[in-house]
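One structure below.
FYI, it's all coordinate maths here, none of it is from the lab. Note that the structure is predicted; figures quoted are calculated from it, not measured.
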Amino acid sequence: MVSSKLLRKPTRGAVGNGLRVCLGYLTATRGRLLIETGSIWVELVPEADGTSRIAGIATIEPRQGLKLTALAGDAAFDAEDLRWAEDAIELAQQSGAPAFTGRPSFHWQDLDHLRVLLSSAPAGTSVRQFVAQFDGGAGSKAQSSIAAQFLRRDTIDLTEPEAAELLAAGQAATKPPEPRLLQALGRNAASAHRRTGNPGNRNGRARRQRTLRRGVNQTGRPV
């Protein structure tokens, strides 16, 4: 329950970052990924555009489960390979403030993830206590409203339909966090970054809030 990976805060991605890091490393070093599953053996070569090229395929002795073997290449890193990462580190250091200090939102959850979160709560955690960890759910009135159907119930006891009902109640009773709450760089980070003369900063544009319009939908988000 402590990890923001479970609670889905914007300071940590929801998609598995480990796989991206692994394939990114293989891409940077010109490495390969070997896959063995069933009676199939496949050699993949990750490409810089995000695709993977099939370098080999063969039939093997049938096996249970899946085996992945990552083979790093011998391509050396240079300064250009690390430039974006160094820019991100420097901007974070210049920001002077955490990117997000709020609570997770019911609007960032789907049913599958909420069920994982409910089952991950410490033993004896009531639904009211669970709701209190979310944005808009800290007050007793909000807890009673969102968890009205689950008073004196523990999170571990909720079924899938009940979890869906809780999610719907939480989203109906709260508002999505506003984009202005996501201050990833802080007010002076971009100007400070420009003063350093870092060659990775090519345009020096600061964050601003706008409204993106697509069809009939309007969504305010930071750009």
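Applying the set (1) farther than 20 Å from Lys9 by Cα; (2) part of a helix (DSSP H, G or I) to Leu167 leaves exactly one unmet item: (1).
Scan the range 149-163 and tell me whether some residue there is small (Gly, Ala, Ser) and part of a loop (DSSP other than H, G, I, E, B). No, that holds for no residue.
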